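The block underneath contains the structure these notes are about, expressed in structure tokens.
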Amino acid sequence: MPGGLQVTQDGYTLDLAEKIVVAGETEFRFRILGPDGAAVTEFDAIHDKELHLIVVQRELTGFWHVHPVRQADGTWTVRLNLPEAGAYRAFTDIAPRALGKTITLGADFAIAGDYRPGTAPQPERTFTVDGYEVTLEGNLVGGAGELLTLTVRKDGAPVTDLQPYLAAYGHLVIVRAGDLAYVHVHPNGEPGDGVTAPGPDVTFHTAVPGRGTYRLFLDFKHGDKVRTAAFTLPTAN
């Protein structure tokens, strides 16, 4: 079963405080409920955080990767700026201590307003953000593992001093258009291992659950700022 398709898994449930929110800056609140129905407050860290929250628009044009703060009662809160009306999905990567493994829960919500449906961007292998050019090499093959390499350049020069972000030189989130099947991948190697170079290449061993068109979001850090490069890539089979 691909990640993120279930609001409940292994007895754990993603409980959003509100299923309809207003556009603009909002306080996004939710709880993780355990098998007993009570809010969970004990988690093991995953790449330096107890919980990773990823929010995407259903058309996969918008992407947010943030880290909420957990209150004593088990409520998680984070400020989000969601500018457009439409359908959204929230994903939580968590490792409840009592469960002993990592799971991804997903839940839908909507932003009220004038909704103008769209489609995922056309396939491309180059993305530019803040003067950085990121290129994608490799293919996705449904049901099989493949290597993807993302190369970061700044003003045409290779970036060889990427900064660690959440214990890695990059984080890759992959979401399938249509059902929003979800994959969160960390790169081969890690900062400080004596082998992995801090750029310009960041390589991921990636397996997607099946055929389709996927949206890929790479978070990388340089100059003390995290940036996101986004790509659309259909499977090769």
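Among the candidates R89, R97, R58, the residue that is exposed (fewer than 13 other Cβ atoms within 10 Å of the Cβ) and either touching a strand residue (DSSP E or B) at 6+ places or on another chain (Cβ under 7 Å) or free of Cβ contacts under 8 Å to residues at least 12 places away in the same chain (or both) is uniquely R97.
Each row is one residue, and each column tells you yes or no for (1) buried (at least 18 other Cβ atoms within 10 Å of the Cβ); (2) more than 23 Å from I46 (Cα to Cα).
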{"site": "G145", "(1), (2)": "no, no"}
{"site": "G156", "(1), (2)": "no, yes"}
{"site": "L218", "(1), (2)": "yes, no"}
{"site": "G223", "(1), (2)": "no, yes"}
{"site": "L233", "(1), (2)": "yes, yes"}
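Kindly check whether there is at least one residue in the stretch 185-203 that is among the hydroxyl-bearing types (S, T, Y) and touching a residue at least 60 places away in the same chain (Cβ under 8 Å). No, there is no match, as no residue in the stretch 185-203 is among the hydroxyl-bearing types (S, T, Y) and touching a residue at least 60 places away in the same chain (Cβ under 8 Å).
None of the figures in this text is laboratory data; all of them are computed from the coordinates on show. Not measured: the values here are computed from a predicted model. Cβ coordinates were reconstructed from backbone atoms using ideal geometry, including for glycine residues, and neighbour counts include every protein chain displayed.
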